[in-house]
Amino acid sequence: MGVLAGKEIVLGVTGGIAAYKACEIIRELKGEGANVTTILTASGSQFLTPLTLQTLSKNPVVMDLWNLISESEIGHISLAQRAHLLLIAPATGNILGKIRGGIADDMLSTVVMATAAPVVLAPAMNTQMYASAAVRENVAVLRSRGFLFVEPDEGELACGTVGPGRLAAVGKIVEMVRIVLAEKILKGKKVVVSAGPTAESIDPVRFLSNRASGKMGFALARAARRFGADVTLVSGPTALADPYFMKTVHVRTAEEMQTAVDRESADADAIVMCAAVADFRAARISPTKIKKDGGGWNLELSPTVDILDRLGRDKGRRVLVGFAAETGDIEQNAIGKMRKKNLDAIVANDVSRADIGFESDDNEVRIFFSDGEVRELPLATKEGIAVGIWLALHGKLFAR
Ligand code: PMT
């Protein structure tokens, strides 16, 4: 079950052209099981009808503080109290100023004042307005009071200017909601996760690589971030977009991955090596394209550095977790790798199956711990498996 299942989210929609994106936000939140109640301000209703929001949220839309029927059914105090989170997207310069100044003259500003739930603000406005001294100061003060912000993106705005001010991507706003609402079992932990394949050049046009898509490692990084960890993702070449709200370091070769993992993990609490690091590279990289001459080609390979093996030799207090990509004798091979590399745990998956392992959206894993305990995580999405892995690691390794 996802982080948002069963959560009560109050979505405030204020008056800006980005108001239409509230529809997509509602769909995303509801798609993950949240109950969404929308408060539409008077200026918001110039851009969006309550009927649209009501149809998508399947809840009455609250607009008027002085409407006796809505006030008796879903009044400002009851909304403020039942919300697990209040999200305002888009948040205009006007609502930021009102919240900062303690003005409660409509339903939304009153609910903000009355709630003890976390409030996430996703501003969207003209670049000049966003850069104005009043808005900068309001944002700074609201941050210092504990309000959370999803900063606007840069780009061409509806008014024609180019710069910061465009409402952040819906995916980014929803990810912030997940982060705020998830349990914080990894709070205070610094975690480095590796993902994807490495690519080892042979010549300017050819390289050695493997089928890793990065999906499993990216899911682990996102789950750790939601659980409150400070996450650095070290990724080989993939087609995936960088996850939000974490540092992503892009590398290509095993050697580059080793340098990045070493640098980023010096003060880490845990390192999870999910990357499928190439075991071999070309003994020599040709500076020019190697021509075919009608015959065969014997390519000489050299071993790459084993990143985990090296980390295991100088482990310190860090929790070290490997993955084992196996096609047979899974238990024996995985445990052998865990012992040889001095790991605390290894996550084994069967990469001979088409429905799990490389590239697929799902996985099924067994976690072997160095004390002999085994945990099985049955078939689930990689997002679900990632959550299961962190819960298992937390219970066994971080709680000690
Ligand atoms: O990216 P996806 O498409 O989602 O696929 C996910 C996955 C199948 C790649 C992932 O679940 C997985 O199994 N990753 C480990 C792949 C692998 O390289 O396994 P291995 O058994 O060869 O290596 C054992 C461990 O040593 C791994 O943690 C690996 O990162 C590490 N290693 C390996 C070689 C090397 N030179 N340095 C290393 O650190």
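The values are calculated or read from the model by the stated rules, or taken from the named source; none is laboratory data. Nothing here was measured: the structure is a model prediction, and the numbers come from that model. We place every Cβ from the backbone using ideal geometry, glycine too, and count neighbours over all the protein chains shown. Surface areas here come from the heavy atoms of the whole protein model, side chains and all, with no ligands, DNA or RNA. Shrake-Rupley method; radii C 1.70, N 1.55, O 1.52, S 1.80 Å.
List pairs: first residue in the stretch 141-162 and open to solvent by less than 40 Å² (accessible area, probe 1.4 Å), second residue in a loop (DSSP other than H, G, I, E, B) anywhere in the structure, Cβ distance under 7 angstrom, at least six positions apart or on different chains.
150/168; 152/124; 152/167; 152/168; 157/126
In the stretch 269-291, is there at least one residue being modelled with pLDDT under 95, within 29 Å of the chain's Cα centre (by Cα) and within 29 Å of residue 185 (Cβ to Cβ)?
no
Could you go through the stretch 279-289 and let me know if any residue there is farther than 30 Å from residue 395 by Cβ, of a type in the set (Gly, Ala, Ser), surrounded by 13 or more Cβ atoms within 10 Å (Cβ to Cβ) and within 16 Å of the ligand (Cβ to nearest atom).
Scanning the stretch 279-289, I find at least one residue that is farther than 30 Å from residue 395 by Cβ, of a type in the set (Gly, Ala, Ser), surrounded by 13 or more Cβ atoms within 10 Å (Cβ to Cβ) and within 16 Å of the ligand (Cβ to nearest atom), so the answer is yes.
Does any residue of the stretch 384-400 turn out to be at pLDDT 95 or above and either surrounded by fewer than 16 Cβ atoms within 10 Å (Cβ to Cβ) or among the acidic types (Asp, Glu) (or both)?
Scanning the stretch 384-400 turns up no residue that is at pLDDT 95 or above and either surrounded by fewer than 16 Cβ atoms within 10 Å (Cβ to Cβ) or among the acidic types (Asp, Glu) (or both).
Looking at the stretch 311-342, which of its residues are within 9 Å of the ligand (Cβ to nearest atom) and in contact with a helix residue (DSSP H, G or I) (Cβ under 6 Å, 6 or more places away or on another chain)?
Matches in the stretch 311-342: 322, 324, 326, 341.
When you scan the stretch 299-400 for helices (runs of 4 or more DSSP H) that lie fully inside it, which ones turn up with 1 or more residues that are more than 20 Å from residue 271 (Cα to Cα)?
Fully inside the stretch 299-400 and qualifying: 330-340.
Of the residues 216, 129, 176, only one is touching a Cys at 6+ places or on another chain (Cβ under 6 Å) and either assigned to a helix (DSSP H, G or I) or at pLDDT 95 or above (or both); which?
Only one candidate qualifies: 216.
Of the numbered conditions (1) under 18 Å from residue 276 (Cα atoms); (2) not charged (D, E, K, R); (3) not in a helix (DSSP H, G or I), residue 191 satisfies every one except a single condition; which is it?
Evaluating residue 191 over (1) under 18 Å from residue 276 (Cα atoms); (2) not charged (D, E, K, R); (3) not in a helix (DSSP H, G or I) leaves (1) as the failure.
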